[in-house]
Amino acid sequence: MTKKNRKNISTMAVQAGIGQDPAYHDVIPPLHLTSTFEIQGIEKKGPYEYSRTRNPTRDTLARALADLEGGANACVTSSGMAAITLMLHLLNKDDLLIAPYDCYGRAYRLMQALSDKGHFHLQFVDMYSKKGLDKAFALTPRMVFVETPSNPVMRTADIADICKRAKKYKSIVAVDNTFLSPVLQQPLALGADLVIHSNTKFINGHSDVVGGALIAKTKELWTELDFWSNSLGVIGGPFDCYQTLRGLRTLELRVKRAQESAAAIAKMLAAHPRVAKVYYPGLKSDPFHAVAKKQQNGFGAMLSFELKGGLAAARRFVEALEIFSLAQSLGGTESLINHPATMTHVAMGPEARKAAGVTDGLLRLSVGIEHADDLILDLENALKKVK
Ligand SMILES: *Cc1c(COP(=O)(O)O)cnc(C)c1O
């Protein structure tokens with residue numbers, strides 16, 4: 001999917017801001033912790049004045065993320081939720097936003113709460129079938145929020161099809177690309193207008209920063225978002241940006257290594273007698289295999305599976321693991337396991353969980369970059385303890 005006039009992802013990530021320091025010619029872009037900048041005289045404006053508005057370290061990360069996603073520019077925010085908050089400020093009170101019925105829980109709640117206050121109209125829809133999309137677009141949305149693959153059962157929405165439909169209605173399409181990163185999916189090239197990242201996940205990749213970004217395809221859209229980012233103060237701190245830029249340099253290596261292990265794990269689980277179901281579009285038997293193969297450069301490092309034996313089995317399994325840590329979040333170098341029914345999706349209630357496919361035996365893995373053999377052995381040993 002890489003355009004001919006663009007460098008490869010790994011080169012862009014490694015080279016972001018390298019050798020551009022005008023003061024001391026640092027090879028690595030320096031960390032600018034200052035909140036304010038000295039102005040060289042009245043009516044003599046420099047490039048930087050105040051760090052809420054603009055900061056060199058944040059700018060370097062924004063440029064890097066915009067380049068990786070093929071956008072005009074980016075706003076770097078204090079979290080993924082802050083990026084979604086920023087995005088929602090493009091809407092007027094009469095505009096309709098459509099979003100997937102199974103989108104990220106906190107995004108779901110934020111949209112619902114702001115819509116309840118009259119900030120915009122909102123409809124949760126099915127984006128995984130042509131019929132669902134026909135119905136959704138008949139509502140003439142101003143903005144379409146897409147999250148693919150979905151969490152935790154890895155439903156995959158067809159980004160190009162959604163963008164083609166959106167063009168007819170002049171709707172803005174925003175894609176949350178957190179699960180795959182620009183290494184594996186580039187929504188702007190598929191026709192989207194905005195890309196959202198929780199930098200907390202694969203972008204930083206070391207589970208030591210909470211951050212986010214909103215990348216705009218056009219300068220016009222970015223200018224509007226930049227106004228809101230500065231006005232609301234929805235911005236990433238310089239130290240977080242510095243740390244994230246450091247993590248970003250190895251993005252491709254990390255994602256590719258983790259995805260290789262995830263594929264091997266999915267295969268092992270799919271053949272295991274104590275596993276009822278595996279959700280990983282990389283498996284040929286997965287209902288979303290074809291669409292994922294069409295629009296992605298790989299199937300990623302996230303997968304879910306359902307143990308036979310429900311909650312009791314899940315509890316025994318998790319307790320027996322030695323490498324995978326039971327924790328929220330994803331996309332770090334270390335492998336994590338999540339029990340959605342009692343952790344990330346507990347607020348949904350049993351009925352909504354059932355509709356979303358979140359059973360008591362469902363477990364989600366964020367595969368890290370440890371050796372695949374060790375990860376598989378850890379899972380196999382734990383499976384032996386599940387009766
Ligand atoms: C984590 C996550 C978010 C929210 O990001 P934070 O950095 O935690 O605010 C949004 N979307 C997806 C898909 C996520 O996984």
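As an exercise: evaluate residue 138 against (1) of a type outside the set (Lys, Arg); (2) farther than 21 Å from residue 354 by Cβ; (3) surrounded by 14 or more Cβ atoms within 10 Å (Cβ to Cβ) and give the number of the one condition it does not meet.
Condition (3) is where residue 138 drops out.
Considering only region 113-126, state which residues are loosely packed, with under 10 Cβ neighbours inside 10 Å and in a helix (DSSP H, G or I).
In the first step, residues of region 113-126 are kept if they are loosely packed, with under 10 Cβ neighbours inside 10 Å; the result is 116-118.
Hit for region 113-126 is 116, nothing else.
How about region 82-128: which of its residues are more than 16 Å from the ligand (Cβ to nearest atom), closer than 26 Å to residue 355 by Cα, hydrophobic (A, V, I, L, M, F, W, C) and touching an Asp or Glu at 6+ places or on another chain (Cβ under 8 Å)?
Of everything in region 82-128, just one residue is more than 16 Å from the ligand (Cβ to nearest atom), closer than 26 Å to residue 355 by Cα, hydrophobic (A, V, I, L, M, F, W, C) and touching an Asp or Glu at 6+ places or on another chain (Cβ under 8 Å), namely 120.
Taking into account only those residues within region 3-42 that are in contact (Cβ under 8 Å) with a residue 24 or more places away in the chain and among the hydrophobic types (A, V, I, L, M, F, W, C), which is farthest from residue 59 (Cα to Cα)?
Looking at the filtered set, the residue picked out is 9.
Could you say which residue among 318, 255, 278 is within 16 Å of the ligand (Cβ to nearest atom) and at pLDDT 95 or above?
That would be 255, the only listed residue that is within 16 Å of the ligand (Cβ to nearest atom) and at pLDDT 95 or above.
Limited to region 129-175, what total is found for residues that are among the aromatic types (Phe, Trp, Tyr) and either outside the structural domain of residue 85 (by TED's automatic domain parsing) or within 16 Å of the ligand (Cβ to nearest atom) (or both)?
Selection size over region 129-175: 1.
What pairs come out if I take residues in region 197-219 that are over 14 Å from residue 73 (Cα atoms) and pair them with residues that are within 8 Å of the ligand (Cβ to nearest atom) and of a type in the set (Lys, Arg) whose C-beta lies under 8 Å away, six or more apart or interchain?
Taking only residues 6 or more apart or on different chains, not a single pair turns up.
Listed residues 27, 76; which is part of a loop (DSSP other than H, G, I, E, B), in the same structural domain as residue 177 (by TED's automatic domain parsing) and either surrounded by fewer than 16 Cβ atoms within 10 Å (Cβ to Cβ) or within 16 Å of the ligand (Cβ to nearest atom) (or both)? Before the answer, list the steps.
On the way: 76 fails: part of a loop (DSSP other than H, G, I, E, B).
One residue alone meets the criteria, 27.
Mind checking which residues of region 126-140 are of a type in the set (A, V, I, L, M, F, W, C), in contact (Cβ under 8 Å) with a residue 12 or more places away in the chain and over 14 Å from residue 161 (Cα atoms)?
139
Can you tell me which residue among 129, 150 is surrounded by 15 or more Cβ atoms within 10 Å (Cβ to Cβ) and of a type in the set (Ser, Thr, Tyr)?
150
Kindly provide the set of residues from region 79-99 that are farther than 25 Å from residue 16 by Cα and not in a helix (DSSP H, G or I), ordered by number.
The answer is 89, 90, 91, 92, 93, 94, 95, 96, 97, 98, 99.
Tell me, please, whether a residue that is crowded, with 22+ Cβ neighbours inside 10 Å, of a type in the set (S, T, N, Q) and more than 16 Å from the ligand (Cβ to nearest atom) can be found in region 180-189.
yes
Restricting region 322-347 to residues that are crowded, with 17+ Cβ neighbours inside 10 Å and aliphatic (A, V, I, L, M), which is farthest from the ligand (Cβ to nearest atom)?
323
The values are calculated or read from the model by the stated rules, or taken from the named source; none is laboratory data. Since the structure is predicted, the reported quantities are computational estimates derived from the model, not experimental observations. Every residue, glycine as well, gets a Cβ built from its backbone with ideal geometry; the counts of neighbours run over all protein chains shown.
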